[in-house]
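The structure appears right after this line, and notes come after that.
Rule-based calculations on the coordinates, nothing more; no lab input. Just so we're clear, the structure is a prediction, and the values are computed from it rather than from any experiment. Because the Cβ atoms are built from the backbone with ideal geometry, glycine has one as well, and the counts that use them run over all protein chains shown.
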């Protein structure tokens with residue numbers, strides 16, 4: 001009996017049983033404390049590696065893409081001029097909007113607070129699209145808070161929080177599903193992550209249209225994401241007439257590989 | 001390779017991987033450098049060291065990547081057992097071809113394990129895991145394996161260069 005117990009199979013059985021117990025404890029939330037402590041210990045190490053890695057890759061990338069950068073700079077200068085024109089037009093509209101709201105006694109737009117956090121790492125093992133940030137529940141971040149980057153571009157939502165760090169599930173993660181609407185045609189759908197870089201807008205009614213190049217924004221339905229956050233642009237329509245719903249392939253607006261900062265939207 | 005340096009290597013590679021996995025993506029898929037380092041250790045170390053490295057890699061992967069603690073611990077331990085058996089019975093000689101073959105075969109096992117796990121977790125949580133088998137088998141798995149092989153080749157060449165420098 002003793003021989004069988006300490007044989008290779010016996011040891012393997014004990015190991016699997018111990019791991020199963022760990023998994024059970026983790027499911028029941030008993031490992032949250034030790035996990036938080038581990039995050040606290042490893043976060044500084046992670047930060048050092050991330051900043052060093054980013055700097056090296058930025059310099060290396062700049063060397064290889066110099067002609068592209070020059071071209072991009074030229075295009076950005078033109079775009080900047082155009083945006084300045086748009087901005088002055090928009091501020092006029094905003095002023096008019098405030099005036100009309102005051103005049104008709106309408107409530108002001110509901111605003112949000114933002115918490116600025118730095119991205120400090122990517123999930124290196126799973127197929128999921130998850131990034132880590134350097135702020136957690138002690139900064140006021142809670143699970144399911146939406147996360148944007150500069151320009152109100154939606155990048156995902158907080159999927160796990162510890163005291164000092166949080167995980168952000170990017171919109172391209174296979175488990176992500178967001179209620180969206182196309183900006184021009186006002187066609188609703190659900191934006192799903194497909195792993196890799198792909199995003200799919202599903203559940204588009206057959207009688208509604210979405211155009212290639214059209215912007216996709218959050219619809220505000222479901223209560224998690226505020227409406228109007230830019231989520232992507234339509235790349236192509238991928239379904240046929242025989243399907244119950246139409247589908248569209250969506251191009252994400254942000255570069256998941258170069259996320260420097262994340263703004264966590266906190267409801268007021 | 002001795003156990004302590006192997007564990008240090010896994011530790012460093014894990015955090016390096018977390019730092020660069022985002023930048024070095026192709027088609028949204030990144031290579032699994034932790035796994036490649038683990039297979040590399042498997043090629044040049046004793047059974048005990050491979051198992052210890054597997055436990056260490058599994059621990060960190062569970063800590064940072066898994067919703068349930070223990071799943072990657074199991075996956076890496078199973079991969080360690082396979083690597084140890086393969087080293088004893090099939091691939092006795094450590095060379096680049098053996099290393100890449102091990103990266104490929106262990107990678108298939110590891111990715112399938114991860115896919116089954118995600119499907120299972122989605123099932124018990126009554127959710128839909130959007131990655132279908134067709135997409136996984138035709139896009140994610142081949143791309144991940146190819147990237148792991150490329151990373152493996154790079155790791156082997158760097159190790160060889162260091163070995164030459166140290167022996168010179």
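Figures for the structure shown
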quantity	calculated
FRET efficiency for residue B:81 and residue B:161, using Cβ-Cβ distance with R0 set to 30 Å, rounded to 0.05	0.45
Folded to 0 to 90 degrees: helix A:8-27 orientation relative to chain A principal axis, Cα	40 degrees
GNM flexibility winner over chain A from A:169, A:249, A:72 (Cα, springs under 10 Å)	A:72
Crossing angle, helix B:96-124 versus chain B [Cα axis fit, 0-90 degrees, rounded to tens]	20 degrees
Selected from A:23, A:38, A:248 as most flexible by GNM, with chain A as the system and alpha-carbon contacts under 10 Å	A:23
Debye intensity ratio I(q)/I(0), log10, region B:59-122, q values 0.20, 0.26 Å⁻¹ (C-alpha model)	-0.81, -1.09
Label-point separation, residue B:138 to residue B:119 (7 Å along Cα→Cβ), nm	1.7 nm
Region A:36-140, relative contact order [Cα under 8 Å, separation at least 6], %	24 percent
Relative packing of peptides B:106-114, B:33-41 - highest average C-beta neighbours within 10 Å first	B:33-41, B:106-114
Helix A:32-64 axis, angle to chain A major axis (alpha carbon atoms, nearest 10°)	60 degrees
Order of B:11, B:64, A:64 - criterion: other Cβ atoms within 10 Å of each residue's Cβ, fewest first	A:64, B:11, B:64
FRET efficiency for residue A:65 and residue B:88, using Cβ-Cβ distance with R0 set to 35 Å, rounded to 0.05	0.15
Relative contact order computed over chain A (Cα-Cα under 8 Å; 6+ residues apart), in percent	15 percent
Added length on full extension, which subtracts the Cα-Cα distance from 0.36 nm per residue, residue A:105 to residue A:215	36.4 nm
Computed [θ] at 222 nm, deg cm²/dmol, chain A (DSSP H ≥ 4; -39,500 (n - 2.57); rounded to nearest 500)	-12500 deg cm²/dmol
P(r) weight above 24 Å for chain A, C-alpha pairs, percent	63 percent
Residue-averaged 222 nm ellipticity for chain B, from DSSP H runs of 4+ at -39500 (n - 2.57), nearest 500	-25500 deg cm²/dmol
Relative exposure of A:148, A:242, judged by other C-beta atoms within 10 Å (fewest first)	A:242, A:148
Average Cα contact separation per residue, region A:163-268, under 8 Å, 6 or more apart, as relative contact order %	21 percent
R0 of 60 Å, Cβ-Cβ distance residue B:104-residue A:98: FRET efficiency to nearest 0.05	0.45
Cα radius of gyration and Dmax for region B:17-153 (Å)	14.9, 47
